[in-house]
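The values are calculated or read from the model by the stated rules, or taken from the named source; none is laboratory data. Predicted, not measured: the structure shown is a model, and the values here were computed from it. Glycine also receives a Cβ, built like all others from the backbone with ideal geometry; neighbour counts cover every protein chain displayed. To get the accessible areas, we keep the full protein, side chains included, count just its heavy atoms, and leave off ligands, DNA and RNA. Shrake-Rupley method; radii C 1.70, N 1.55, O 1.52, S 1.80 Å.
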Amino acid sequence: MLKKPLIVIPVKGFNKAKTRLGGRFPPLRRATLARRLCERTLRFFHRYLPEYDLLVVTSSSVIADLAKRHGAQVLQEAVAEGLSAAAERAAKWSQMHGYEAQLLIPADIAHLDETEVRSLLAIYSGSPGVVLCPADDGGTNALLTSPPDAIPFRFGKRSASAHKEAASQQGIPCQTIELTHLRFDLDTPEDLDTLDSIVQQHGGDTPRELKRLWKLCSALHVTTPRSAWMTTQ
Ligand SMILES: Nc1nc2c(ncn2[C@@H]2O[C@H](COP(=O)(O)OP(=O)(O)OP(=O)(O)O)[C@@H](O)[C@H]2O)c(=O)[nH]1
Ligand SMILES: O=C(O)[C@H](O)COP(=O)(O)O
């Protein structure tokens, strides 16, 4: 029987995360947001895809403990060297532990939806190849690689195109799947505005996960002018 892909969640230390939201949240609140995003991601996989093994890659012992409490295995980095390095490290680990594929998902997706994630995983056939879901900004919000190290990881700006190009260079197929919710990660102030617009537009019909995230962001939002809290850093 085909072994299920390993789900890999890379998580940067909370106090170093979400820096692009620095204009909206001061450091401690950014860390709170990063923690909550991470917790809901771990909870999602533990609850809705329990038959898949989960690996958290992190340099933080706090995150390592959190991951273990959610049933994940942990690959501890000495230092955070960026997302591509974390993905590469995970790929080595996956292969060493007998996985024929890995699915990397960042810990900042606004709304993880079981049907979407399962539809992506259903594309996996066991043959060499790549399946990816692009982010709205051209990044990569899900990257399934078979074998785990099928391509060199190229996270960063416009990484979806870079990953497609990498697959083409390796001569392996790359399938792109456009998933409405999975495309949306919370990176920038514009993403916060998008979240706000979705909630305003859908009102009571807003998916519960998005509504909860919106409430959290609203509670963390500092109404004091940015310049005021910046001078206290
Ligand atoms: N293990 C590990 N995870 C990382 C690293 N860099 C980013 N990540 C994770 O990769 C995912 C996407 O992160 P980004 O959006 O690039 O970074 P971020 O910290 O969330 O936000 P910015 O500071 O604004 O870039 C998140 O789950 C991060 O925690 C790293 O060096 N090591
Ligand atoms: O593709 C990427 O590099 C990752 O998704 C992170 O990028 P983003 O968080 O900036 O979209």
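Split the accessible area of the chain by element, probe 1.4 Å, and carbon with sulfur accounts for 50%. The value of relative contact order for the stretch 6-229, using C-alpha pairs under 8 Å at least six residues apart, is 21 percent. Between amide H atoms placed 1.01 Å from N, distances below 5 Å from V57 occur with I9, V11, L75, all of them 5 or more places distant or on a separate chain.
In the chain, the calculated helix contribution to ellipticity at 222 nm averages -13000 deg cm²/dmol per residue, counting -39,500 (n - 2.57) for every DSSP H run with n ≥ 4. Rolling a 1.4 Å probe across the protein heavy atoms gives the chain an accessible surface of 48 Å² per residue. Here the chain is assigned +1 on the Cβ of each Lys and Arg and -1 on the Cβ of each Asp and Glu. Its dipole about the Cα centre then comes out at about 720 debye.
Between the listed residues T176, P207, G71, the Cα displaced farthest toward the positive end of the dipole of the chain, a dipole computed from Cβ unit charges relative to the Cα centre, is found at G71. When both the stretch 1-69 and the stretch 137-216 are represented by their alpha-carbon centers, they are found 15 Å apart.
Annotation: amide H of G129 within the under-5 Å range of S146, sequence separation 5 or more or interchain, hydrogens built in the peptide plane. For the residue pairs K4/K211; K92/K215; K4/K92; K4/K215; K4/K157; K92/K164, alpha carbon separations beyond 27 Å are given by K4/K211; K92/K215; K4/K215; K4/K157. Ordering of 86-95, 1-10 by packing is 86-95, 1-10, highest average first (other Cβ atoms within 10 Å, averaged per residue). The mean of 1/r over all distinct Cα pairs in the chain, once inverted, gives the Kirkwood hydrodynamic radius of 18.2 Å.
Where both bridge residues fall in the chain, DSSP classifies roughly 40% of the beta bridges as antiparallel.
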